[in-house]
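The values are calculated or read from the model by the stated rules, or taken from the named source; none is laboratory data. Keep in mind that this is a model prediction, so the values were computed, not measured. Note that we place each Cβ from the backbone using ideal geometry, even for glycine, and neighbour counts take in every protein chain shown. Areas reflect the complete protein model, heavy atoms only, side chains present, ligands, DNA and RNA absent. Shrake-Rupley method; radii C 1.70, N 1.55, O 1.52, S 1.80 Å.
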Amino acid sequence: MEAGSDPSFAIIGAGMSGILAAVKLKQAGLDFRVFEKAEKLGGTWRENTYPGIACDVPSHLYCYSFELNPDWSHANSPGAEIQEYFEGVAKRYDVESSMRFGDPIVRCEWMGTGWEVETASGQGGRFDWVIAATGVLHHPKLPDIEGLDSFEGAIFHSARWDSSVPLDGRRIGLIGTGSSGVQITGALAPRAGKFSLFQRTAQWVVPVEEIAYSDEQRAEFRRNPEQLKELHEELDTSFHEGFGNAVLDGKSEFFDTIEKTCTDYLENHIADPELRGKLWPDYRAACKRLVISHDFFDAIQLPNTELVTENIERIDPAGVRTADGRLHELDVLVLATGFHVDRFMRPMTIRGHDGILLDDVWRERPAAYMSIGVPNFPNFFMLNGPNSPVGNFSLIRTAEMQFDYMMQLVEKVRSGEFSNIMPTQEAATRFEDERTEAAKKTVWASGCSSWYLDDRGIPAAWPFAFSRFRSEMSKPNFEDFRVA
Ligand code: N01
């Protein structure tokens, strides 16, 4: 493309980040096409339909800053409502007609002046820029347990819920105690005949009240958009700066509060000392992503519920066999065992400058300059890509800031300063070295295993204060880029 002309964009993925990019590009009057592998938009909220699914980040924070929603039913709204919100935004901003569904991109190749994009069905085309908005948690991880295929009941991953399987009154087993497993337990244990939760590692749980907004409160939010905006801003500060900084400083007051909240909750809400002991983690709070729940501790104390902490030896046709030789007979087995978090856009083939393969660049592990770009991949930017901030806060804010950053680069193209831009290797290496050193000092590296850690056991996320992320995203350092 020519410097000074308007670039065109391929957006990979129609989840929260892809919809954001589509809306913003449309508002900027730029040409784009969204490619979505599934038949519907929504990403995480389309894929995760398990009982109990809700966003544990407050709804008035977990929404676009330009599309605040006065009508959230709860302070932490259910997943289906969040899916509806994204569908509504796509309709309101009329971006759905620019989305191609059910046809995954298999190849993106830099052709020297732009990207050639190809889908599984041979569609695609030429675009000047690619925005990868594929998300992180979209490749379900099945546990490596002997006999998994031999189970004769219904078995599925938490992100592939089989809604045709009856649940009420049945013997249900669940492996995994991350945020998904805990939400499912809260919703399903009261419905099951017998509920067995297989816990490998205990989790710190932060209690949250289940708050439903009244009709009057919603009407007030509608009448008073300023109030809604203030609430969003207030939550943005308290969650991102407060929580974001606490994980960096295990000696901070905020961190003490988190730790005390978790220990008090466990101490005061689990009556049986033996059960309390089993639920008591042996690592610091917030080392793993904090589990937020209003009903997990009630559910785990129901008479029909059992917390199984014996190691799983294998899966038998009739249920789960634990190391003590006991067979836990089940009708349904749910695998809330997390995701492969190092895939991002992969398995698609992405070839940059000089034919270099992203798979080769990321052979050891994925990395991105400032969480958004990769050297040798011109005009290719990611939203919620590797090394982005993660935690108990809104990834929507992260995507918004990353998008605004990228648009500052795009504006330079439009004004004719250059047509291609990518981070230099030197800048990417410097950033990654500094990031790695800082990551080792976070609470995520204080002695637990979690999906936050890379193959070396070093946190893969943004390890600096959230305020630094805001500041970096507000103004690109053009010295860190190579332009042509
Ligand atoms: O997955 P996880 P998740 N045998 O990886 C266990 C987001 N999210 O789907 O801790 C036995 O956290 C594993 O055990 P251990 C959020 O970012 C957000 O729950 O490794 N157990 C662990 O308990 C979250 O962090 C919301 O010892 C096995 C569990 O499976 C992310 O998604 C809601 C095992 C996996 O936990 C992922 O959460 C839900 C095995 N072989 C999720 N293999 C919101 O509300 C794994 N486990 C915003």
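Evaluate the relative contact order of segment 344-484 (contact order divided by residue number), counting alpha-carbon pairs under 8 angstrom at least 6 apart; express in whole percent.
Once divided by the residue count of segment 344-484, the mean separation gives 26 percent.
In segment 422-484, if the dipole is taken from +1 on Lys/Arg beta carbons and -1 on Asp/Glu beta carbons about the Cα centre, which of N477, G457, V443 is farthest to the positive end?
Working it through, the farthest residue towards the positive pole turns out to be V443.
Using only C-alpha atoms and all pairs of different ones, pull out the Kirkwood radius for segment 153-195 in Å with one decimal. Intermediate results must be reported in sequence, preceding the final value.
Details: mean 1/r = 0.0933 Å⁻¹.
Every distinct Cα pair counted, the radius reaches 10.7 Å.
Could you tell me the convex hull volume per residue, in Å³, taken over the Cα atoms of segment 228-307?
Per residue, the Cα convex hull of segment 228-307 comes to 115 Å³.
Taking just the alpha-carbon atoms of segment 89-189, what radius of gyration and Dmax come out, in angstrom?
Final numbers for Rg and Dmax: 20.2, 61 Å.
Give me the Kirkwood hydrodynamic radius of segment 292-403 in Å, from all C-alpha pairs, to one decimal place?
So the Kirkwood estimate lands at 18.4 Å.
Using the Cα centre as the reference, give the magnitude of the dipole from point charges on the C-beta atoms of the chain (Lys, Arg: +1; Asp, Glu: -1; all else neutral), rounded to the nearest 20 debye.
Its charge dipole is roughly 540 debye.
Grab every C-alpha pair in segment 107-266, bin the distances at 10 angstrom width from 0 up to the longest one, and report whole percents.
7, 19, 22, 26, 21, 5, 0
Per residue Cα convex hull volume for segment 345-484, in cubic angstrom?
114
Can you pull a Stokes-Einstein diffusion coefficient for segment 172-303 at 37 °C (0.692 mPa s), Rh from Kirkwood over Cα pairs, as a whole number of µm²/s?
Value of D from the Cα-based Kirkwood radius: 195 µm²/s.
As a check on your grasp of the helix formula, calculate [θ] at 222 nm for the chain: sum -39500 (n - 2.57) over DSSP H runs of n ≥ 4, divide by the residue count, round to the nearest 500.
Rounded to the nearest 500, it is -8500 deg cm²/dmol.
What accessible area per residue comes out for segment 261-345, rounded to a whole number of Å², with a 1.4 Å probe?
Working: 3660 Å² over 85 residues.
For segment 261-345, the per-residue accessible area is 43 Å².
Per residue, what volume in Å³ does the convex hull of the Cα atoms of the chain enclose?
About 153 Å³ per residue, rounded to a whole number.
Helix 79-92 versus the longest principal axis of the chain: what is the Cα-based angle in degrees, 0 to 90, to the nearest 10?
On a 0 to 90 degree scale, this one is about 20.
For segment 403-469, what does the equivalent ellipsoid look like in terms of its semi-axes, each the square root of 5 times an eigenvalue of the Cα gyration tensor, given largest first in whole Å?
32, 13, 10
When ligands, DNA and RNA are left out and all protein chains stay put, how many square angstrom of accessible area per residue does segment 26-72 have with a 1.4 Å probe?
Working: 1690 Å² over 47 residues.
For segment 26-72, the solvent-accessible area averages 36 Å² per residue.
Evaluate the Debye formula for segment 29-154 with equal point scatterers sitting on the alpha carbons, no solvent, and hand back log10 of I(q)/I(0) at q = 0.12, 0.14, 0.18, 0.22 Å⁻¹, in q order, two decimals.
Debye intensities relative to I(0), on a log10 scale: -0.64, -0.82, -1.09, -1.30.
Keeping every protein chain present and rolling a 1.4 Å probe, give me the accessible area per residue for segment 164-203 in Å².
34
Summing Lys, Arg as +1 and Asp, Glu as -1, what charge do residues with Cβ under 15 Å from the Cβ of V106 carry, V106 excluded?
0
Pop out the carbon and sulfur fraction of the accessible area of the chain as a percent, whole number, probe 1.4 Å. Don't jump to the answer; show the numbers that get you there.
Details: 9690 of 20230 Å².
For the chain, the apolar C and S fraction of the accessible surface comes to 48 percent.
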